[in-house]
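First up is the structure itself, then whatever we jot down about it.
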Amino acid sequence: VRSGNRRLGAAPGGPMAPEDGVKAIWADAESVVDADDAVLQGSSGDGRWQRLGAEVGLGRERIDAVLRDHEGTLWIRSLHYLWTLPRGASRVTDLSEGLPSGFDKSGVACGMVIAPWGDVLVGSDRGVAYRHNGAWQLVDREVGATAVEARALFVDREGTIWIGSVGLFQWMGRGLVSRYELTNGLPADVVWTIGRDPEGTLWIGTGQCLARAANQRWECLAASAGWTV
């Protein structure tokens, strides 16, 4: 965490040396939740941390993504599994059946986001998945989304869903999908991460640089040229 003097330090009460490094983190007004290997840790900021692992039904795989939905349920993702833990529940529910793998061919973990309509969207090596009528459905070519290996997902304040894959997909709903690739100015063919800064500028991490959308085109941050971000 960054304190009042703007210096970074260990979170109060948190483990100084996690077993396998913190690979996933979620923060909202309720608490911070992170993953130390196959164990979840949560704190409301008072310096006390609760650890959840095998005793609530989590497996042994490293947790790569976690989020809390609008109903307070935690969604917990590893390579082959996805669990949910409703607020106040003592055991997780395993929703892994029918969900494609959580890694793409590069070995990078795929993310999760909350869609503008409230559903949780899950990245996978076969595209974006969501729950419908108790089963997993894939966002497929019928809605114009041809993305596979959906490694990065991001929802901006305007409700647009961005998908990082081979190319960058902008999903605006109602079947409207735009794709950015090398032929229309994307600096690299693979997009690893997506985000917006406080001024609203869209940034993407690619195989060639950290790029931003500016003046109807993509510009690489000079200091990042030649780096995979």
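Numerical summary
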read-out: Qualifying residues in region 21-36 (those that are modelled with pLDDT under 90 and more than 15 Å from the chain's Cα centre (by Cα)) - the one farthest from Tyr81 (Cα to Cα); value: Gly21
read-out: Odd one out for Arg77, checked against (1) surrounded by fewer than 19 Cβ atoms within 10 Å (Cβ to Cβ); (2) under 21 Å from Arg131 (Cβ atoms); (3) of a type outside the set (A, V, I, L, M); (4) touching a strand residue (DSSP E or B) at 6+ places or on another chain (Cβ under 9 Å); value: (1)
read-out: Strands (runs of 3 or more DSSP E) within region 1-79 that include 1 or more residues without any contact (Cβ under 8 Å) to a residue 12 or more places away in the chain and farther than 23 Å from Cys110 by Cα; value: 50-52
read-out: Residue list for region 90-108, filter: at pLDDT below 95 and crowded, with 19+ Cβ neighbours inside 10 Å; value: Leu99, Pro100, Gly102, Phe103, Asp104
read-out: Selection status of Ile63, open to solvent by 30 Å² or more (accessible area, probe 1.4 Å), modelled with pLDDT of 85 or more and β-branched (Val, Ile, Thr); value: no
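The values are calculated or read from the model by the stated rules, or taken from the named source; none is laboratory data. As the structure is a prediction and not an experimental result, all values here were calculated from the model. Heads up, the Cβs are rebuilt from the backbone with ideal geometry, glycines too, and the neighbour counts pull from every protein chain shown. Keep in mind that these areas ignore ligands, DNA and RNA; they rest on the heavy atoms of the full protein, side chains included. Shrake-Rupley method; radii C 1.70, N 1.55, O 1.52, S 1.80 Å.
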